[in-house]
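A quick write-up on the structure given underneath.
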Amino acid sequence: MSRPEDNLPPDLFYNDTESHKYTTSSRIQKIQSSMTYRALSLLHLTSPSLILDIGCGSGLSGEILSNSASEGTPGGPHIWIGFDISSSMLGIAIEKEVEGDLMLADAGQGVPFRPGTFDAAISISAIQWLCNAETSEESAAGRLSRFFNGLYASLRRGARAVCQFYPKNEQQKTMVSSAAVRAGFGAGLLEDDPGTKNAKTYLVLTVGGGDLDGDITGVVKGMEGVDVMDQRRRTKDRKRGEETKGSKKWIMRKKEQMERKGKVVKANSKYTGRKRRVAF
Amino acid sequence: MKLLTLNFLTCAVKTCKTSASSFPLHPRDSELEIVEAEINVQFLQNILPRLMWEELGGLVNELGLPSLPPTAPLPSALVESKLQAPESDTTGLNIEKLEVPSQVARDLHRVLLETCIMSGGLVCGNCGHEYKVLEGVANFLLPAHLV
Ligand SMILES: C[S@@+](CC[C@H](N)C(=O)[O-])C[C@H]1O[C@@H](n2cnc3c(N)ncnc32)[C@H](O)[C@@H]1O
Ligand SMILES: [Zn+2]
């Protein structure tokens, strides 16, 4: 099946016709709603919270977030803020008079909220779009890092985020989850029905500092098919000291650190970290 | 856009991230509307410590709405107990002590969750960038050179 994100930018793909088709399809409604409930079960909310919905579209998830606990929404009713890059999708949400607040924004440009705003974040079937850079000025890596850095800062300590997405291949899966880890999240990938055409990938993210202290292992403990990509594991690896200062590995890590801090770093090349010949 | 959201939104321009004056955004030529919503006291209690009260007061003044008290209420001030029979009791004789939203909670709910900016602009105090609001939706898309 062809992937829409390989052919058009999201705001053009989700035009009035496609947004209408999308929202009125009972098959789509059913799938999006079951994924929203799955994400909610991973968020473990116990009381009314402030939630960010990234790529909220026409508000299919939002309608569930606004429901009360007795209607089946854990910890509900929640208050949510949703943003999307498609004005047609948001137009349908307005017509439906959803209760959440809506914004027109591009996740690849960041998350413009002050630090510690949200109790949780959810994103259903949206962030694979970030892997396709729309213009030549942008790189997918840059868009992913702006998104995850912004999301990380906008969540309060101890918060969780769950992003269900459709990775194109293993490489894209790794690209997305490592961008999240680099932003500071504890991250785990959960797969439902792996290997089938109904496979669903959930990126479960935690922000350290609260009860969880970024420990993803507690969240996904006992769940089948969960791959834990804990940042702390990387730190431990590093301590073993096989990495010497000035080595290629060391330079690459330093460059990554600088980039994360927003510094401009020279692109890596086959010469990076090589010994220079002594010049006379 | 609810005033709640405005109490958390900052300017999205890259060079504004480190500037204190990129929060709060200032409304310009705004058209307000009250959109009724069910009161959620537990949510209000949850969000109260995270509000920037002074900035909320400033916003309310900029919009020409009645001023807020100078300091934020305590979460405990959002409920009050009332002696009344529960709705299920048709005799009205089984009087109980019930926790109900206080006037303070209802006022806060009105300001944060029911008062909406339907159109106008939101202006950054640092760079002057104006984010347009149309049909209650703010446009935060930036030209590439500002990202
Ligand atoms: C398959 S729809 C899902 C919508 C909604 N989450 C749902 O479950 O019904 C994908 C949505 O992601 C949005 N999207 C794609 N790229 C985006 C970006 N960079 N920023 C914000 N939204 C984006 C699209 O406009 C579209 O509404
Ligand atoms: Zn600004």
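The values are calculated or read from the model by the stated rules, or taken from the named source; none is laboratory data. Only a predicted model underlies this, so the values are computations on that prediction, with no experimental measurement involved. Neighbour counts are summed over all protein chains in view; Cβ atoms, including those assigned to glycine, are modelled from backbone coordinates with ideal geometry. When the accessible area is computed, the model is the full protein with side chains, heavy atoms only, and any ligands, DNA or RNA have been set aside. Shrake-Rupley method; radii C 1.70, N 1.55, O 1.52, S 1.80 Å.
Accessible surface for chain B, divided over its residues, is 53 Å² per residue with a 1.4 Å probe. Listed cross-link partners B:K2/B:K97; A:K21/B:K2; A:K21/A:K197; A:K30/B:K17; A:K197/B:K2; A:K96/A:K173 are compared with a 31 Å cut-off, the Cα-Cα value being larger for B:K2/B:K97; A:K30/B:K17; A:K197/B:K2; A:K96/A:K173. With the whole protein complex present, A:F113 retains an accessible surface near 10 Å², based on a 1.4 Å probe.
Close amide-amide hydrogen proximity is noted between A:A121 and A:L52, A:R160, A:A161, A:V162, each under 5 Å apart and 5 or more residues distant or on a separate chain (H modeled in the peptide plane; Pro and chain starts excluded). If you run the Gaussian network model on chain B, springs between alpha carbon atoms under 10 Å, then out of B:A12, B:A105, B:A20 the most flexible one is B:A20. The portion of the accessible surface of the range A:1-86 made up by carbon and sulfur, rounded to a whole percent, is 54 (1.4 Å probe; DNA, RNA and ligands excluded). The portion of the accessible surface of chain B made up by carbon and sulfur, rounded to a whole percent, is 53 (1.4 Å probe; DNA, RNA and ligands excluded). What quantity of accessible surface, computed with a 1.4 Å probe and excluding non-protein components, is buried in total between chains A and B, in Å² to the nearest 100? Separately minus together, A and B give about 2400 Å² buried.
Of the residues A:H20, B:H129, the one with the largest accessible area comes first in the ranking A:H20, B:H129, computed with a 1.4 Å probe on protein heavy atoms. Counted over the range A:110-213 with a bin width of 5 Å, the fraction of Cα pairs per bin, in whole percents, is 3, 13, 23, 26, 17, 12, 6, 1, 0.
Ordered from highest to lowest accessible area with the whole protein assembly present and a 1.4 Å probe, B:H145, B:H109 read as B:H145, B:H109. Size of the range B:76-115: Rg and Dmax of its alpha carbons, in Å, are 13.3, 39. Phi-derived couplings, Karplus 6.51 cos²θ - 1.76 cosθ + 1.60 at θ = phi - 60°, listed residue by residue for the range B:82-91: 9, 8, 7, 7, x, 4, 5, 8, 6, 6 Hz, with x used for Gly and Pro.
If you run the Gaussian network model on chain B, springs between alpha carbon atoms under 10 Å, then out of B:Q42, B:Q84, B:Q103 the most flexible one is B:Q84.
DSSP beta bridges fully contained in the range A:4-220 are about 40 percent antiparallel. A probe of 1.4 angstrom, applied to the heavy atoms of all protein chains, finds A:D16 with accessible area near 110 square angstrom. What the range A:4-220 shows is 37 Å² of accessible area per residue, with the surface traced by a 1.4 Å probe over protein heavy atoms.
Considering only Cα atoms, the convex hull volume of the range B:3-146 works out to 131 Å³ per residue.
Rounded to the nearest 5, what % of DSSP beta bridges with both residues in chain B are antiparallel?
Antiparallel: roughly 100 percent of the beta bridges in chain B.
A:L8 sits with roughly 80 Å² accessible to a 1.4 Å probe, with DNA, RNA and ligands left out of the calculation.
Give the ranking of B:V41, B:V104 by solvent-accessible surface, highest area first, calculated with a 1.4 Å probe. List each step's numbers first, then the result.
Details: B:V41 25, B:V104 60 Å².
Accessible-area ranking of B:V41, B:V104, largest first: B:V104, B:V41.
Put a plus charge on the Cβ of each Lys and Arg, a minus charge on the Cβ of each Asp and Glu, and nothing anywhere else: the dipole of chain B about its Cα centre is then about 620 debye.
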